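Down below is the structure, laid out as C-alpha cells.
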Amino acid sequence: MPAHPSLAERLSGGAPLLTAWCGLPHPSVAGILAREAFDAVVLDTQHGAIDFAAAVQAVPLIAAAGKPALVRIPVGEFASASRYLDAGASGIIAPMINTAEDARRLAAFTKFPPLGERSWGPHAALALTGLEPAQYLKQANDLTVTFAMVETREALAIVDDILAVPGIDGIFIGPSDLSIALSGGKGLDPAGAEVDKALDHALARAKAAGKIAAVYAVSGARAAELSAKGFHLIAVGSDMGMLRAGAQAALAAARA
Ligand code: 3PY
Ligand code: MG
C-alpha cells in the first residue's frame with residue numbers, strides 16, 4: 001500500500017486542492033511550507049532558483065508532512081520529468097506545451113509503456129510509495145499526474161488536442177504568460193477579463209474531457225475565485241511572494 005493517498009486519489013476527492021509553490025533554493029523552505037495547511041507542494045525548477053539536487057532533497061521532506069510533491073520542469077526538458085518521478089515526485093508540470101507533439105513527448109517521459117516510454121529507475125519513489133518494484137510498475141501511471149501547461153494562444157487553440165493525448169492527465173494554466181500572449185506582449189494581467197474568459201473555456205474543455213484542470217493564483221483571494229470556478233488544483237502565490245509580503249506587512253505595521 002502507498003504510504004499516503006496518491007495525488008491522483010486526492011484530486012478525485014471532490015474538494016479543490018491548494019498547493020504551495022516553491023522556488024527558493026533550499027529544500028527546507030518546501031519542507032517547512034509543507035507543514036502549513038497546503039494540500040501539496042510544487043517545486044518550481046523553471047523560474048525558481050531551486051536545482052535538481054535541492055528539489056530531490058525536498059521531496060521526502062514534503063512527504064514527511066504527508067503531502068505530495070509536484071515539480072515544474074524547465075521548458076522542453078522532458079527527460080528531467082522522469083528523474084523527478086524517480087525521486088518520488090507525484091506530479092509533473094511542463095511549461096509551454098504548445099503542440100500535440102509537445103504533449104506526446106511529455107507523456108512519453110512521464111508514463112511507463114504501453115502509455116509512454118518512461119525508463120525504469122524509481123529509486124526514492126519505491127521508498128516513498130512503499131510499493132514493491134512490480135507493484136510500482138503496475139501503478140505508477142495512475143499514481144503520478146502529468147500536467148501540460150496551457151499559457152499561449154497556440155496552446156489555447158488546440159486545448160482539446162492536448163487534453164486528448166493519452167498520458168496527459170490534465171492541463172495547468174499559467175495566467176501570467178497567457179495574459180502576455182493574449183495582449184500581444186502589451187501587458188501582464190493574470191486576473192484580467194480576457195484571461196478569465198480563456199480560463200473558463202479551458203476549464204470547461206478539461207471537464208468535458210474528464211481531465212484535471214489546474215491553475216496558478218497570484219494571491220489567496222484570487223485562489224478563492226478560481227476555486228469557486230471549479231478548478232481542481234490551485235497554486236497559491238509563491239514562497240518568495242509570501243516572504244516579501246510578510247516582510248512588507250511587518251515593516252508597514254512597525255512604521256505605522
Ligand atoms: C504563468 O502564470 O505563466 C505561470 O507559469 C504560473 O506561474
Ligand atoms: Mg508561465
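The values are calculated or read from the model by the stated rules, or taken from the named source; none is laboratory data. In this text, all values refer to a predicted model and were calculated from it rather than measured experimentally. Cβ coordinates were reconstructed from backbone atoms using ideal geometry, including for glycine residues, and neighbour counts include every protein chain displayed. Just so you know, the surface numbers come from the protein's heavy atoms only, side chains and all, with ligands and any DNA or RNA stripped out. Shrake-Rupley method; radii C 1.70, N 1.55, O 1.52, S 1.80 Å.
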Open item on the list: Restricting to region 32-49, give me the number of residues that are more than 15 Å from ligand 1 (Cβ to nearest atom), under 16 Å from residue 241 (Cβ atoms) and part of a loop (DSSP other than H, G, I, E, B).
Closed with: 2
Task: Total residues in region 37-55, condition closer than 13 Å to residue 93 by Cβ and away from ligand 2 (no atom under 16 Å from the Cβ) - done: 3
- [ ] Go through the residues of region 33-45 one by one and say whether even a single one is more than 24 Å from residue 17 (Cα to Cα) and open to solvent by 40 Å² or more (accessible area, probe 1.4 Å).
- [x] no
Task: Complete set of residues in region 62-103 that are more than 13 Å from residue 44 (Cα to Cα), within 16 Å of ligand 1 (Cβ to nearest atom) and of a type in the set (Val, Ile, Thr) - done: 97
Open item on the list: If a residue must be touching a residue at least 24 places away in the same chain (Cβ under 8 Å) and more than 9 Å from ligand 2 (Cβ to nearest atom), how many such residues does region 176-189 contain?
Closed with: 2
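Conditions (1) touching a helix residue (DSSP H, G or I) at 6+ places or on another chain (Cβ under 8 Å); (2) among the small types (Gly, Ala, Ser), marked per residue:
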site	(1), (2)
7	yes, no
12	no, yes
15	no, yes
20	yes, yes
26	yes, no
29	yes, no
Open item on the list: Quick test for you: out of 126, 106, pick the one residue that is away from ligand 1 (no atom under 16 Å from the Cβ) and either surrounded by fewer than 23 Cβ atoms within 10 Å (Cβ to Cβ) or outside any loop (DSSP other than H, G, I, E, B) (or both).
Closed with: 126
Task: Residue list for region 163-197, restricted to those being closer than 19 Å to residue 230 by Cβ and touching a Lys or Arg at 6+ places or on another chain (Cβ under 9 Å) - done: 163, 169, 170, 171, 172, 175, 178, 190, 191, 196
- [ ] Scan region 156-175 residue by residue and report those that are of a type in the set (A, V, I, L, M), away from ligand 2 (no atom under 16 Å from the Cβ) and under 24 Å from residue 113 (Cα atoms).
- [x] 163, 164, 165, 168
- [ ] Determine whether region 146-155 contains at least one residue that is open to solvent by less than 10 Å² (accessible area, probe 1.4 Å) and away from ligand 2 (no atom under 14 Å from the Cβ).
- [x] yes
TODO: Using the structure shown, decide if residue 28 is surrounded by fewer than 21 Cβ atoms within 10 Å (Cβ to Cβ) and polar (S, T, N, Q).
DONE: yes
- [ ] Any residue in region 88-103 that's within 16 Å of residue 173 (Cα to Cα): show its pairings with residues that are of a type in the set (D, E, K, R) and within 16 Å of ligand 2 (Cβ to nearest atom) at Cβ separation under 6 Å, as long as the two are six or more apart or on different chains.
- [x] 93/72; 98/154
Open item on the list: Which numbered condition in (1) surrounded by fewer than 19 Cβ atoms within 10 Å (Cβ to Cβ); (2) polar (S, T, N, Q); (3) in contact with a Leu (Cβ under 6 Å, 6 or more places away or on another chain) is the only one that residue 135 fails?
Closed with: (3)
Open item on the list: Return the residues of region 131-160 that are within 16 Å of ligand 1 (Cβ to nearest atom) and part of a helix (DSSP H, G or I); say none if nothing qualifies.
Closed with: 153, 154, 155, 156, 159
Task: Boolean, residue 16 is away from ligand 1 (no atom under 16 Å from the Cβ), at pLDDT 95 or above and within 30 Å of residue 229 (Cβ to Cβ) - done: yes
